[in-house]
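The values are calculated or read from the model by the stated rules, or taken from the named source; none is laboratory data. Everything quoted here is computed from the prediction, not taken from an experiment. A quick note on method: Cβ atoms are made from the backbone with ideal geometry, for glycine too, and the neighbour counts reach across all protein chains shown. The accessibility values were calculated without ligands, DNA or RNA, using every heavy atom of the protein model including side chains. Shrake-Rupley method; radii C 1.70, N 1.55, O 1.52, S 1.80 Å.
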Amino acid sequence: MQRDKTVPAGAAALAKGLTLLNLIADAESPIRFAELQRLSELSKPTFARILRTLIAFGLVRHDENKGTYFLGPRFLELSHRVWDTFDLNSFSQAELDRLSQELGETVALCKLDQDKIVYLLERSGAGLGVRVEPGQREPLHCTAAGKALLAFQEPSAGRALIDRLELDGFTKQTLTNQTALNADLALTRARGYAISFEEYQQGVNSVAVAIGAPDGTPLGALTVLAPASRLDETNIHPVGRDLIAAARRITGSAGAVAISSRPQPRDSEARQVADLDCILPWGAQLGEAPVWHPLENRLYWVDILRPAVYRFSPETGINEVCTLDKLVSAVLPKSGGGVMVATQDGIEALDFETGRLNSFSHPENDRPENRLNDAKVGPGGAIWVGSMRMDAAKPSGGLYRVDPDGGFSQKESGITVSNGLGWSPDNSTFYFVDTVPGVIYAYDSTPGTGNLANRRVFAKIPQEQGRADGITIDRDGGVWCALWDGWSVRRYTPDGKIDFSIELPVPRPTSLCFGGANNDMLFITSARTRLPASTLSEAPLSGGVFACKPGFSGLDSTLFTPAT
């Protein structure tokens, strides 16, 4: 604990109590007594005395069953009073000053003003940079701040606002049609921040986040503007992560929990596999959904936040790319060659060579706030696909079975972040992940019918060990799970017991699959999205694809055959 030497005489006990409150508030999950004392660096008697006092005044709440501590109900009462008198300009000034000093670039606060953004405050870095003035108005559709404000409007209000806009072109990069703009706004919601690469002014890039009220309504936007040579593809995403954290500090909002900013420390007990290699140091923002195509002997995978489908040859090392203009989250090999994909517009057939998409089925066409996520072809030949809210803020996701003729049925609801799915070797058990609670569910499954029954918890991963993400099943019935923020992948025996873990040099493995000539190579994708610069320095291979031979082989991929 860093003790402030400027604390007035006689206020040391108060400073210690406030420090405890900050530690509890900053914890990503409820914190236990021993950990809280360790972080406070206080003696146990002093620590216990202060903690009891905070509980007595309702500032801290103790869950006796779990032995954890939260901010107490008194904070909720105080927060309502704060919002009654909330002044965005005043609350934002400290963050503007800090960001400008740390980044050395122009940082500004703005808000929505009819069909424009208007700048309220700005702080400029030292030296040459981009200048904006309070009162200056700029378009919504081609500035990062404007797109951040558009993306997080209530859906019907957002659509009405977009319909009123004149999508004028300012540079060659300006989005001048609604289809392209809506795709970019969907990407903004999924990513948490908006980006403008020279869309409004040549030579100027910007990144922005919406500052949300407790109900999610955007109060304003926090944006960084800089010369394109200084704020480029390599550093604009870490700045977006910093802005998300700053916006949360301004409002005290916890934000969506699914994609955190702080990975867990490495697990020193994890087993290291000697032949683990980074076969593709790609730097994907959110690499996901690896699947082996046995007819092509290629590994397909996607980058959700830099939308593209990749086709990788382990033999040649060539990684082909098919860039898309919409979110894509999963690849499904077809029996006649080629693939289907899960996009923000449903299940679609993809021509990899041309990038052309043909719509096949959309289970959630009436839910524009949601998107599809992980998907697999089941043992009966149908596609199984989960969904989630774009910003992962509510448990509005579901699980669907899509038949070869495009018909579909819903199998689950109330899911926050639907993720990995798979079947046991005899197809009698179906596994499905909800990432936010960290649970791998198991169901009794009847192959070919789509019937699921007897849902139970197969494994629950404590948050301090990471979050369950993608899964795959081996021929022995072992369930392999990528642990987001856990620096590892883990194998569970069929009875749900941890067998062993494989340590990775990156904190955010996302998914995995078996493939290769003998189906004994384990491929692992990873992400670098929202990682702080310090972690990226420690884990520069984040966003790469890894491979190893763990001594197990996978099940054969089931191929999808659309009805003709």
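Summary of computed values
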{"read-out": "The stretch 483-539, residues that are assigned to a strand (DSSP E or B) and of a type in the set (Asp, Glu)", "value": "ASP499, GLU503"}
{"read-out": "Count of the stretch 104-138 residues which are under 24 Å from ASP168 (Cβ atoms), within 28 Å of the chain's Cα centre (by Cα), of a type outside the set (Ser, Thr, Tyr) and open to solvent by less than 50 Å² (accessible area, probe 1.4 Å)", "value": "3"}
{"read-out": "Qualifying residue in the stretch 362-369 (condition: modelled with pLDDT under 95 and in contact with a helix residue (DSSP H, G or I) (Cβ under 6 Å, 6 or more places away or on another chain))", "value": "yes"}
{"read-out": "Test: residue in the stretch 485-492 that is within 17 Å of ASN427 (Cα to Cα), of a type in the set (A, V, I, L, M) and open to solvent by less than 40 Å² (accessible area, probe 1.4 Å)", "value": "no"}
{"read-out": "When residues of the stretch 507-534 are limited to those that are out of contact with any Pro (no Cβ under 9 Å at 6 or more places or on another chain) and without any contact (Cβ under 8 Å) to a residue 60 or more places away in the chain, the one least open to solvent (accessible area, probe 1.4 Å)", "value": "PRO509"}
{"read-out": "Of all residues making up the stretch 29-60, the number that are within 24 Å of ILE461 (Cα to Cα) and not in a loop (DSSP other than H, G, I, E, B)", "value": "8"}
{"read-out": "Those residues of the stretch 453-476 which are open to solvent by less than 10 Å² (accessible area, probe 1.4 Å), part of a loop (DSSP other than H, G, I, E, B) and not small (Gly, Ala, Ser), in sequence order", "value": "ILE461"}
{"read-out": "Residue check, GLU28 among the acidic types (Asp, Glu), surrounded by 13 or more Cβ atoms within 10 Å (Cβ to Cβ) and modelled with pLDDT of 80 or more", "value": "no"}
{"read-out": "Pick from the stretch 357-378, criterion under 12 Å from LEU421 (Cα atoms) and of a type outside the set (S, T, N, Q), ranking: most open to solvent (accessible area, probe 1.4 Å)", "value": "LYS376"}
{"read-out": "Residues of the stretch 103-123 classified as under 20 Å from HIS237 (Cα atoms) and without any contact (Cβ under 8 Å) to a residue 60 or more places away in the chain, total", "value": "1"}
{"read-out": "Of the criteria (1) crowded, with 20+ Cβ neighbours inside 10 Å; (2) on the phi < 0 side of the Ramachandran plot, which one SER557 fails", "value": "(1)"}
{"read-out": "Test for GLN101: is it open to solvent by 40 Å² or more (accessible area, probe 1.4 Å), under 18 Å from VAL209 (Cβ atoms), more than 26 Å from the chain's Cα centre (by Cα) and not acidic (Asp, Glu)", "value": "no"}
{"read-out": "Search result, residues across the stretch 266-295 that are of a type in the set (D, E, K, R) and modelled with pLDDT under 90", "value": "ARG266, ASP267, GLU269, ARG271, ASP275"}
{"read-out": "One residue from ALA482, ALA539 being under 17 Å from GLY287 (Cα atoms), out of contact with any strand residue (DSSP E or B) (no Cβ under 7 Å at 6 or more places or on another chain) and either surrounded by 24 or more Cβ atoms within 10 Å (Cβ to Cβ) or not β-branched (Val, Ile, Thr) (or both)", "value": "ALA539"}
{"read-out": "Every residue from the stretch 475-520 that is more than 19 Å from the chain's Cα centre (by Cα) and β-branched (Val, Ile, Thr)", "value": "VAL479, THR493, ILE498, ILE502"}
{"read-out": "Residue check for PRO290: closer than 15 Å to THR525 by Cβ and open to solvent by 50 Å² or more (accessible area, probe 1.4 Å)", "value": "no"}
{"read-out": "Complete set of residues in the stretch 385-417 that are surrounded by fewer than 24 Cβ atoms within 10 Å (Cβ to Cβ) and in contact with a Leu (Cβ under 6 Å, 6 or more places away or on another chain)", "value": "LYS411, GLU412"}
{"read-out": "Verdict on LYS116 being modelled with pLDDT under 90 and out of contact with any Leu (no Cβ under 6 Å at 6 or more places or on another chain)", "value": "no"}
{"read-out": "Subset of the stretch 424-433 (residues that are in a strand (DSSP E or B) and open to solvent by 20 Å² or more (accessible area, probe 1.4 Å))", "value": "THR429"}
{"read-out": "Qualifying residue in the stretch 318-328 (condition: in contact with a Phe, Trp or Tyr (Cβ under 6 Å, 6 or more places away or on another chain), part of a strand (DSSP E or B) and either over 24 Å from GLU233 (Cβ atoms) or at pLDDT below 95 (or both))", "value": "no"}
{"read-out": "Unmet criterion (only one of (1) at positive phi; (2) at pLDDT 95 or above) for VAL339", "value": "(1)"}
{"read-out": "Residue count, the stretch 514-539 (criterion: over 16 Å from ILE473 (Cβ atoms), of a type in the set (A, V, I, L, M, F, W, C) and modelled with pLDDT of 95 or more)", "value": "1"}
{"read-out": "Test: residue in the stretch 173-190 that is closer than 16 Å to GLU138 by Cβ and acidic (Asp, Glu)", "value": "no"}
{"read-out": "Options ALA221, ALA245: the member that is in contact with a Leu (Cβ under 6 Å, 6 or more places away or on another chain) and more than 27 Å from LEU324 (Cα to Cα)", "value": "ALA221"}
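Matching residues to (1) in contact (Cβ under 8 Å) with a residue 40 or more places away in the chain; (2) over 25 Å from the mean Cα position of the chain (by Cα):
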{"site": "ILE162", "(1), (2)": "no, yes"}
{"site": "LYS172", "(1), (2)": "no, yes"}
{"site": "ASP184", "(1), (2)": "no, no"}
{"site": "ALA208", "(1), (2)": "yes, no"}
{"site": "ILE211", "(1), (2)": "yes, no"}
